[in-house]
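Scroll down for the structure; my scribbles are underneath it.
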């Protein structure tokens with residue numbers, strides 16, 4: 001098992017916000033990069049390596065983040081990791097827990113596969129239906145430019161505030177959501193990156209507010 005101790009930029013997530021991004025489980029031989037630290041259980045009769053992996057994956061922010069100190073470069077030392085105390089049941093109980101979690105994980109993965117299959121089938125059906133309707137309409141109606149049904153005002157077709165209008169350091173943890181290309185998934189917005197701006201910045205950019213519109217993915221550039 002090994003942990004991503006820090007990112008190339010020093011483990012910063014935002015401004016001075018410490019974070020341990022990932023915990024991995026690996027069997028067999030592997031090379032360890034300088035940003036990683038490995039934990040190798042010495043006795044399988046005392047500790048099943050998958051148990052601390054699952055525990056630390058779920059509770060890494062509780063066990064490690066409070067120990068990550070610094071401003072410009074957040075760090076977590078090996079000796080700090082070694083001194084972390086966790087509840088360790090008998091190895092039999094560890095294996096029972098690991099087996100149960102792996103069973104649940106398998107069911108979740110199966111559900112995800114089925115959902116993806118259903119989504120693909122639905123997308124094919126939608127595409128087929130729209131294509132048929134489009135073909136029939138084209139036979140009876142003339143083509144219409146998008147600007148024909150856009151609002152009768154300047155800027156009815158607009159893009160987001162790219163470039164110097166929105167700088168990377170202007171993003172904050174809480175505030176008004178800033179939607180980028182990474183948030184547009186499956187014909188809906190999924191605010192996975194949690195980028196926000198202050199109410200004051202949102203007010204300055206309010207001319208980009210779109211209450212209801214058709215959107216097109218474009219790369220989001222942040223200076």
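A short reminder: the numbers here are calculations on the coordinates, not readings from a lab. What you see is a predicted model; the values in this text were computed from it and never measured. No Cβ is skipped: glycine too gets one built from the backbone with ideal geometry, and neighbour counts run over all protein chains shown.
Below is a table of values for the structure above.
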quantity	calculated
Neighbour-count ranking [beta-carbon atoms within 10 angstrom, fewest first] of 77, 201	77, 201
Cα-projected label distance for residue 202 with residue 99, points at 7 Å along beta-carbon direction, nm	5.1
Peptides ranked, highest mean first, by Cβ atoms within 10 Å: ranges 141-147, 101-107	101-107, 141-147
Alpha-carbon spread of region 89-143, three principal axes, descending order, Å	75, 14, 5
Label-to-label distance, nm, for residues given as residue 63 and residue 112 (7 Å Cα→Cβ offset)	2.2
